[in-house]
Amino acid sequence: AHDFRSTSNDSEDTELRFVTCQSLWNQVKSKTQQIQEDLNKQLLENLVSFLSRSHSDFQEKTTEWTCRMKFREIPTAALVLGVNVTDHDLTFRGLSDVLQDNITPYVALMEAKDCPGIKNLMQKLMGQLMNCDIDVDSLEDEDGVQVSQNKIRCSMSSLISWYESVKKKTDSETPSKKRNSSSRHWQSPPVVVIFKDMESFATKVLQDFIIISSQHIHELPLVLIFGIATSPMIIHRLLPHSVSSLLCIELFQSLSCKEHLSTIIDKLLLTSRFPFKLGGKVLQVLINIFLYHDFSVQNFIKGFQLCIVEHFYSQPLSVLCCQLVDIKKRAYSLSHDQCENIRRLPSFRRYVEKQESGKQVALLTNDCFLKEETGKLLEDLHVYHENYVSILRCLHVFTSSLPKYPLGKQIRELHCACLENRVWETKEYESSLQLARMLNKTDLVTMLQQCVEILMSSSGKEFDKATEKLKEFLTQFQNLEVAEASQEQDVSVSSQKELQKKTDLYHLQKTLLELKESRRSKKLTKFEMLRFEVVDYIDSLVRKYLVPADDRTLHEIVYFNTTTVLRGHLNAAPRTALHTALNNPHWYLKNQALKCDGGGISNKAPDICIVYKLHLECGRLINLVDWLEAFSTVVMAAEEPNADAASSDQVDDTIHARFIRAVSELELLGFIKPSKQKTDHVARLTWGGC
C-alpha cells in the first residue's frame, strides 16, 4: 500500500483521503467476510450434522456403530472445494472455528508440507490436540502424567491414554463448571482430523495413518475430513481398496468458485452502498486473472482492494467518493485547488462545452457556482448508479434465458459489456433482441414478472411509470388467452365448412392454395405485436439507463480505470524486477549513494549488484580471474590511497570471499552456470534487455 501522507504534501485533503480509503477498505473487508460466511453456512451445517450422526453412534454404542467398529470403519467426510486452493484456508479456518465453538475442542489441521512421514504426522497431530485442552489446569492428569508432546511418545496408544485422561478430568469437574463446558461442547467430543490438501500427502503416510487409526476406532471417536481440490476419485487413486474400505465416506460439495465470484460482484459492485466503482477494462483484467490463472476469489478481493488504494492515492478528488453515500449530509467545502482539479477532468470539460456561454463562464471562473453544480452532478451520478443496477438486472433476466447467451450467461459479463461500450450498438445485443422477439408466451410472462419485482424493490424513484407499464403488459397477456382461444376455434370451424362445400378436385385444390398463400402473407397476431412492444420497451429502458459510465460527468471521481497500474501489480514480471533490483538498486533501496548516472557502477552498491553489472559486459563465457580483478577494482575505488600496505593481503582475502559469495548468489538466481569447456570460466545464461 502507498503512504498517502509522505507523497502528497501539497494536497490539503490528504489525511481525509487516507481516512476515507481506510474506512472503505474496512467496509469491503467486513462485507466480503459476511458474504463468505453466508455462502459456507449450508456446507458447515451439513458437516456438523455428519459429525453429530457419527458422534451419536459412538456415544450410544448403537448397532450401526458396533457394526462399523466390527469392520473398523472410520467416519470420513470428503470435502470437495475446487481448484482454487488459495481460498481453502478461509473455509478450513471457518470450519475449525465452528467445530471448536460448538462441538469439540479437539480439532487438528494437517498440511502435507508438515507431514512427510507418519512420525511427523503423529507429532503434529498430538501437538495440536494437546494444546486445545478444555482447561489449562488439566495439563496433568490424576496420576501425575505430564501431557506434553516432549514428555509423551507420539503414538496412537499415547493419544488414546491422553483422551481418556482428559475425558475423566472433565467428568470429575464440579456440576456448574461441567454445565458451562457441556453447553458449548458435546459429551465425549470427537477428535476431528482435517487433511487440508489430501492430494499433496504421500500415499504411504495416509495408508499408515488410516490403518493404525482403524485398529483403535473402538477406543477413540476419530473423524477424518479430507480437503479435496480435484475429484473424490482421488481417494481411490491414492488408497488401495484394502485401505479405502476402512473409511465410511460421505461426500460434501462446496459452492463453485464461479458462483462465489458472481455473488461477490453482485454484492460489492452492483450496489449503491459502496461508492467506489471499477471501470470496465479494470474489471475485465481482474476477471481474466481469476478465470485464466487461479480461480481464487480471495485474490480477486485483494485486487479490488488494491484498486481502492491506487484510486485514492492517484486521484486527488477521490475524497468526494464519500459524499455519494449520504447525499443529504454532504458538505461542499471544496478548496480552490480542488475546484481547479474538477475543471481539469475530461468529463467535466465535455459537460462545459455543452452548456451555454454564460454558464460556461460561471463554471470556469466562479468557485461557488462550481460547488453547487458539482453537488448536483454528484447526486445525478448517484441516481445513475441506482438506476443502472436495476435495469442491468432486468436486461440480465432476458439475456440469461436466451439460447447461446449472446451477451453472456453471468451478470458480470453483461456488466462489463455495458461499461465498455454502448451495449445497444453491439452485434451481440442485436442478436439478443432478435431471439427475444421469438420467446414464447410463458417465458415472456415469467420474465416480465421478475422485472416487475426488481423495479419494485429498487431504490430508484424513476421506475414507477416503468413498473406500471410492465404490469399493463402482463394484463394484456392475460386478456389475450381467452380472445385467441375463441378466435382460433372460429377460424377452424369456418375453414372446415368452406372445404365441405366444394367437393370437386379443382375447387378443393384452389381453396388449399388460397389458404397456403394467406398463411404466408398473414398479418401479425395480437400476441406477436404485444411481444414486439415488450421487447421494444425493454430496449428503450436499456438505451436510457445503461449509458456507459465514461459518458457520465465526474465519473473519474468514482471509477478506477488505470489498467496499466493494476497489471503492473498483479501480473508478475520476476525477471524484469530482478534486473531492475540488480542493475539499479536505488530504485528499491532509495539510497542516494547508490544513484549513478551514465551506466556507471557505484562502489557503494551491494556486491551482487556490482558482479551483475560487470557480467552484463561479458560474452558467452566469463573468465573468473578477469571478473575478480574488475570487481576488486570497483570495490577498491572506495579505499583511501594511503591505506596500510600491511593489511592489503587481508583486504584481498576479504574481497575474494565477497566475490565468491556474490558469484554463488548469481548462480543460485540462474544467471550463470559452471562451464565444462574451461574450468576457470562460467557460462552466461541470460541475454537481451528486460
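The values are calculated or read from the model by the stated rules, or taken from the named source; none is laboratory data. Predicted, not measured: the structure shown is a model, and the values here were computed from it. With ideal geometry, Cβ positions are generated from the backbone for all residues, glycine too; neighbour counts draw on all protein chains shown. Please note that ligands, DNA and RNA were not included when accessible areas were found on the heavy atoms of the full protein model with its side chains. Shrake-Rupley method; radii C 1.70, N 1.55, O 1.52, S 1.80 Å.
Here are the numbers for this structure:
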read-out: Segment 646-690, subset within 21 Å of ALA605 (Cβ to Cβ) and of a type in the set (S, T, N, Q), residue modelled with the highest pLDDT; value: SER664
read-out: Listing of helices (runs of 4 or more DSSP H) fully contained in segment 1-107 that carry 3 or more residues being under 30 Å from VAL565 (Cα atoms) and modelled with pLDDT of 90 or more; value: 14-60
read-out: Cβ-Cβ under 8 Å pairs, at least 6 apart or on other chains, segment 90-104 side more than 19 Å from LEU39 (Cα to Cα), far side part of a loop (DSSP other than H, G, I, E, B) and open to solvent by less than 40 Å² (accessible area, probe 1.4 Å); value: GLN100/CYS132; ASN102/HIS185; ILE103/HIS185; ILE103/PRO189; ILE103/PRO190; THR104/HIS185; THR104/PRO189; THR104/PRO190
read-out: Selection status of PHE532, at pLDDT 90 or above, open to solvent by 40 Å² or more (accessible area, probe 1.4 Å) and not small (Gly, Ala, Ser); value: yes
read-out: One residue from ILE211, ILE264, ILE228 being over 29 Å from ASN102 (Cβ atoms), out of contact with any Lys or Arg (no Cβ under 6 Å at 6 or more places or on another chain) and modelled with pLDDT of 90 or more; value: ILE211
read-out: Selected residue [over 21 Å from ARG93 (Cβ atoms), open to solvent by less than 60 Å² (accessible area, probe 1.4 Å) and touching a Leu at 6+ places or on another chain (Cβ under 6 Å)] from ILE234, ILE210, ILE265; value: ILE210
read-out: Residue check for GLN355: outside any helix (DSSP H, G or I) and over 26 Å from PHE274 (Cβ atoms); value: yes
read-out: Boolean, TYR429 is at pLDDT 90 or above, over 30 Å from PHE290 (Cβ atoms) and of a type in the set (Ser, Thr, Tyr); value: no
read-out: Residue match in segment 345-358 (condition: of a type in the set (Gly, Ala, Ser), at pLDDT 90 or above and open to solvent by 10 Å² or more (accessible area, probe 1.4 Å)); value: yes
read-out: From THR580, THR553, residue being part of a helix (DSSP H, G or I) and of a type in the set (Ser, Thr, Tyr); value: THR580
read-out: Criterion (at pLDDT 90 or above and farther than 28 Å from ILE225 by Cα) met by exactly one of VAL297, VAL319, VAL282, VAL243; value: VAL282
read-out: Residues located in segment 459-484, provided they are of a type in the set (Val, Ile, Thr) and modelled with pLDDT of 90 or more; value: THR467, THR475
read-out: Segment 437-452, residues that are open to solvent by less than 20 Å² (accessible area, probe 1.4 Å) and assigned to a helix (DSSP H, G or I); value: LEU444, MET447, LEU448, CYS451, VAL452
read-out: Selection count, segment 389-425, where residues are open to solvent by 30 Å² or more (accessible area, probe 1.4 Å) and not in a helix (DSSP H, G or I); value: 10
read-out: Some residue of segment 440-458 being among the aliphatic types (A, V, I, L, M), closer than 26 Å to LEU524 by Cα and at pLDDT below 90; value: no
read-out: Subset tally (residues that are assigned to a loop (DSSP other than H, G, I, E, B) and either among the β-branched types (Val, Ile, Thr) or under 31 Å from the mean Cα position of the chain (by Cα) (or both)) for segment 211-257; value: 9
